[in-house]
Amino acid sequence: MLDKLELTRQKYPVDKARGEVTNTTPSEIVPLEFDRESVHVWGLVDPRNSDWPVVYELDQTSPMKSGRHPEERLRDIYVGETRNAVARLRQHLVNPEKRQLDSIRVIVDETFNKSACLDLESRLIQLLSADGSYSVLNRSDGGTRTARCASLSSTSTASCSLGGSGGLTYKSSTWPSASS
């Protein structure tokens, strides 16, 4: 009986007598400046930053006319996954196509594996593409479908090109589920 109680306490770490809840989320979102020094220093802080599967996004902090779609004033954004975040971010720093980006957010989770990162990356690309506020810079997301949507809101029809699926175009007022 005591073993069962201990397992329950570990699964639901709430100290009711004090009213305190311990942090049960193993993940964190780390914000960084998109520059060489910030990436270098962050790489020294934790060994997972250069040897652990993560998902990251690079973006513009505000819409600027220097992006890919200056007439629409969309914020450029790139979503990626990697096992070595420091090395991959350094590659992005020297890429002229990402010169306008100035912010990084890295999602680090001790339970991540490659498959979880690929799934999260793909879903983030879908959501950001459908948002209408971003110009998603990703060309593909590793062979799975990615959505490039002109607009999606409760009152408009989405016009999406689903990459990786033979160039299909999807037009609807509802978003396709991940299983379709």
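The values are calculated or read from the model by the stated rules, or taken from the named source; none is laboratory data. The structure presented is a predicted model; accordingly, all values stated were derived computationally and were not measured. As a convention, Cβ positions derive from the backbone with ideal geometry for all residues, glycine included, and neighbour counts pool all protein chains shown.
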Please verify whether Arg36 is on the phi > 0 side of the Ramachandran plot and not β-branched (Val, Ile, Thr), treating the condition exactly as stated. no
Quick check on my filter: what residues within segment 86-124 are under 13 Å from the mean Cα position of the chain (by Cα) and of a type in the set (Gly, Ala, Ser)? Ser103, Ala116, Ser122
If I filter segment 88-137 down to residues being among the hydroxyl-bearing types (Ser, Thr, Tyr) and either under 25 Å from Ser38 (Cα atoms) or assigned to a loop (DSSP other than H, G, I, E, B) (or both), which single residue comes out as modelled with the lowest pLDDT? Ser133
Name every residue in segment 130-143 that is within 12 Å of the chain's Cα centre (by Cα) and surrounded by 21 or more Cβ atoms within 10 Å (Cβ to Cβ), in order of residue number. Val136, Asp141
Before we move on, is Ile77 aliphatic (A, V, I, L, M), at pLDDT below 95 and in contact with a Leu (Cβ under 9 Å, 6 or more places away or on another chain)? yes
